[in-house]
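Data block below; observations after.
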Amino acid sequence: MAVQTGLDVLRTRTIVDCDTLDEQVAKKLGPFQDCTSNQAIAYSELCKPEHAELIVASVADARSLLSRFPNISVEELAVEVAMVRLALKIAPHIRGNVHVQTNPYYSYSTEKTIENALRIVRIFQHLHHGFEQSRICIKIPGTWEGMMACRTLEQAGVRTLATTLFTMTQAVLAAEVGCTYVAPYVNQLRVHFEPGFTDPNKLLPLCVLIQKYYESIEAKTQVIVASLASVYEIFALAGERHITVPPGLLEELSRSATAPGMQSLFDANVPVVVPPSNLSYVNDEPAYRIAFTRDLHGASEEKLIQV
């Protein structure tokens, strides 16, 4: 009888996604449903010597495609091509969607975000004719402008994920605009880039609240918990629809003979007060901005601008 690992136990309660573009991780530790990524993950992967030829090919592709895409530099286009190439390499080793993020510098422009998202879809089609568009999910930072872009893209048949969610306000709007997924961040981004920094306000309870709220309103939007820093945080959220796990924590989970003795917040029987089903922001931008800015006395807005 095979030894059950922490990863095995987690999969009995939650869909596990891999937060990486390293196809070897997917081969070794899969099966995974989706593959999530961002520019930092892509950069880390592209720094590996084995991807030198992929970078050269991406630059060549960018030069040949530049005439199709106005208002973008060859360097920026090459980065997008490289991210798509990495996504296509890992796609055969996962069951579901590959997630590619729009340029964070466009986070406060609906028009540029839409243009960027559609360009990424076209790059997929150029590099892999016939790749199912239903397997492409565009990650978009969860600003008001980003959410409005998600609404337009979803209406056009492009799947979206509203990422870097730190508030219930964002989660409400994401469901209203029809995002396929949201990614609430347990830890702010600084945790992954500043050695020794610990988030003083981990958002574990918020992740539970968002899922229960979506269940209460029967939203199509699914939760993918992200920005995890420990196995403890992962098992505290066992029961979420999806959890995306970075390679280091996947390795740690795969080495453990059993799951740590941690109680999930879903088993704690703590009463959760979900927002009323008629709460709406989609047609009231001022109300949204006030609610978001006031959350945690401005701390949530501070986290979002780290994107």
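What follows draws every value from the coordinates through simple rules; no lab data is involved. Bear in mind the structure is a predicted one, so any value in this text is a computation, not a measurement. Every residue, glycine as well, gets a Cβ built from its backbone with ideal geometry; the counts of neighbours run over all protein chains shown.
Values computed for the structure shown
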item: Highest-first arrangement of 92-99, 203-210, 59-66, where packing means the average Cβ count within 10 Å; result: 203-210, 92-99, 59-66
item: Under the Karplus curve 6.51 cos²θ - 1.76 cosθ + 1.60, θ = phi - 60°, whole-Hz ³J(HN,Hα) for the stretch 295-300, x wherever Gly or Pro sits; result: 4, 6, 6, x, 5, 5
item: Total charge dipole magnitude, the stretch 6-305, about the Cα centre, Cβ charges on Lys, Arg, Asp, Glu only, Debye to nearest 20; result: 420 debye
item: Structure-based [θ]222 nm, the chain - -39500 (n - 2.57) summed over DSSP H runs of at least 4, per residue, nearest 500; result: -13500 deg cm²/dmol
item: Karplus-derived HN-Hα couplings along the stretch 13-25 (A = 6.51, B = -1.76, C = 1.60, θ = phi - 60°), whole Hz, x at Gly and Pro; result: 10, 9, 6, 9, 10, 9, 9, 6, 10, 8, 5, 5, 4
item: Phi-based couplings in Hz for the stretch 223-231 (Karplus 6.51, -1.76, 1.60; Gly and Pro marked x); result: 8, 10, 5, 9, 6, 9, 10, 7, 5
item: Whichever aspartates and glutamates have a C-alpha closer than 12 Å to that of K212, once near sequence neighbours (fewer than 8 apart) are set aside; result: E240
item: Listed residues L250, Y288, L304: farthest to the positive end of the dipole of the chain (Cβ charges); result: L250
item: Amide H contacts under 5 Å for V225, placed H, 5+ residues apart; result: H242, I243, T244
item: Ordering of 35-44, 180-189, 234-243 by packing [mean C-beta count within 10 Å, highest first]; result: 180-189, 234-243, 35-44
item: Flagged links, alpha-carbon separation over 26 Å, of K89/K303; K112/K202; K48/K139; K27/K202; K28/K89; K89/K139; result: K89/K303; K112/K202; K27/K202
item: Net charge dipole size for the stretch 1-143 [Lys, Arg +1 and Asp, Glu -1 on Cβ; Debye, nearest 20]; result: 260 debye
item: Cα gyration tensor shape of the chain, rounded if a/c is under 1.5, else prolate or oblate by comparing a/b with b/c; result: oblate
item: GNM result for the chain, Cα springs below 10 Å: residue of A91, A268, A291 fluctuating most strongly; result: A268
item: Between the stretch 206-257 and the stretch 19-34, the alpha-carbon center distance in angstrom; result: 16 Å
